[in-house]
Amino acid sequence: MYFYCSKCKKNYPINTRSYKCECGGLFKLFKDPSEILHNSVSLGEVETPLLKMKINKLSLFLKLEQFHATGSFKDRGAFMMINQLKNVGIREIVEDSSGNAGAAMAAYAAAAGIKASIYVPESTSPSKIKQIKAYGAAITKVDGAREKTAAAVLEAVTTAYYASHVYNPLFFEGTKSLAYEIYHQLHEQVPNYIFVPVGNGTMLLGLYYGFEEIGRLPKLIAVQSDHCKPLYQKIHNLPEHQITPTIAQGIAVGQPQRMDEILLAIKNSQGDVITVEDESILYAQDILARQGMYVEMTSAVAVAGALQFFENGKPDNYQVIVPLTGRGMQ
């Protein structure tokens with residue numbers, strides 16, 4: 001198993017201190033199909049429930065990712081990355097995150113005996129910072145937009161390994177397990193649509209890589225806030241739109257590093273990118289809560305997108321999946 005550059009194809013070992021190729025290309029992961037990965041670090045991973053539900057008149061399946069140990073789907077990527085980093089002798093990591101990824105990496109690092117430092121935007125919720133600190137990770141707050149946090153951690157990286165959930169393909173190797181679970185829970189069927197909230201695209205790309213391996217793709221519908229919609233602008237050939245504050249902070253990413261990969265996944269799956277207003281996100285969060293499901297704003301983004309997309313109804317035989325990215329206790 002090793003990294004290789006998506007542009008020039010140069011190979012790098014898993015324990016490289018480089019986060020991308022010297023030519024500027026991003027890393028991809030090569031893993032021999034027969035290679036057995038050793039995962040000694042565990043926080044009690046389970047197959048998260050797939051719950052059939054009707055929201056208003058829309059029948060869909062909710063994939064309950066809030067059942068993970070730290071409360072979000074980011075545990076999938078952290079589980080894979082931390083296990084493989086431990087296997088190659090990494091002792092210290094740094095990561096930048098708006099919340100969930102930092103918590104997941106901090107928790108698994110603690111379980112592995114790896115020192116962790118997490119860089120977060122100043123606007124990160126106090127409860128999320130408290131959670132990250134509880135795992136023993138050091139916190140550095142960065143003032144300004146999410147991109148400034150990413151820039152700050154790159155300036156600080158010296159001897160520690162940059163365990164980025166955006167740059168490091170080991171993270172996507174973990175999140176693609178979501179596709180295999182959905183396929184298994186649908187009795188080896190691929191759903192028609194999956195609605196995914198997209199900032200850096202870690203869930204969408206994991207789903208794409210997983211279903212690509214399975215051999216058939218659902219239509220991947222990326223949902224963004226109308227206040228921060230770089231993918232929507234790009235895929236619809238629209239001029240750049242000024243980013244304004246949104247309640248969906250988890251996907252408020254103005255410059256996704258894997259933009260081209262995300263757009264290719266959407267194109268190859270015959271999917272689309274749509275946007276939703278903050279009012280719709282709040283409505284979706286409220287209607288879920290009134291059915292017993294309290295989720296974070298980012299989860300509500302995908303539900304709002306599905307309700308908007310199928311506003312005029314959908315064929316009864318369509319299987320629609322909405323992964324709930326994390327719990328609402330933020």
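Ordering 55, 39, 111 by Cα displacement along the dipole of region 21-116 toward the positive end leaves 55 in first place; charges were set at the Cβ atoms of Lys, Arg (+1) and Asp, Glu (-1). Charge tally around residue 85: other residues with Cβ under 13 Å, Lys/Arg +1 each, Asp/Glu -1 each, net +1. Of the residues 204, 170, 58, the one that moves most in a GNM of the chain with alpha-carbon contacts below 10 Å is 58. Please say if the chain is rounded, prolate or oblate, where rounded means a/c under 1.5 for a ≥ b ≥ c the square roots of the C-alpha gyration tensor eigenvalues, and otherwise the choice is prolate for a/b larger than b/c and oblate otherwise? Rounded shape, in that the Cα axes give a/c under 1.5. Counting only Cβ charges, +1 for Lys and Arg and -1 for Asp and Glu, the dipole size of the chain around its Cα centre is about 400 debye.
Normalised radius of gyration (Cα atoms, divided by 2.2 N^0.38 Å) for region 53-99: 1.71.
Each residue of region 113-126 was assigned a 3J(HN,Hα) from its phi angle through the Karplus expression (A = 6.51, B = -1.76, C = 1.60, θ = phi - 60°), giving x, 9, 6, 10, 10, 10, 9, 10, x, 4, 7, 4, 4, x Hz with x at Gly and Pro. Accessible surface for region 76-123, divided over its residues, is 27 Å² per residue with a 1.4 Å probe.
Per residue, the chain reaches -10500 deg cm²/dmol at 222 nm when only DSSP H runs of four or more residues are counted, each adding -39500 (n - 2.57). Counting only residues at least eight positions apart within a chain, or on another chain, the lysines with an alpha carbon under 21 Å from that of residue 115 are 74, 86, 128, 130, 133, 141.
Within a straight-line Cα-Cα reach of under 18 Å, residue 9 can be paired with the following lysines, leaving aside sequence neighbours fewer than 8 residues apart in one chain: 20, 28, 31.
Computed over the alpha-carbon atoms, region 1-137 gives an Rg to Rh ratio of 1.03, Rh here being the Kirkwood radius from the mean inverse distance. Of the beta bridges in the chain, as assigned by DSSP with both residues counted there, near 35 percent are antiparallel.
Only protein atoms count toward the accessible area here, which uses a 1.4 Å probe; on the chain, the carbon and sulfur part of that area reaches 49 percent. Principal axis analysis of the Cα atoms in region 103-196 yields extents of 45, 31, 27 Å, listed in decreasing size.
The values are calculated or read from the model by the stated rules, or taken from the named source; none is laboratory data. Remember, it's a predicted structure, so these values are computed and weren't measured experimentally. Here Cβ is always computed from backbone atoms with ideal geometry, including for glycine, and neighbour counts include all displayed protein chains. Surface areas here come from the heavy atoms of the whole protein model, side chains and all, with no ligands, DNA or RNA. Shrake-Rupley method; radii C 1.70, N 1.55, O 1.52, S 1.80 Å.
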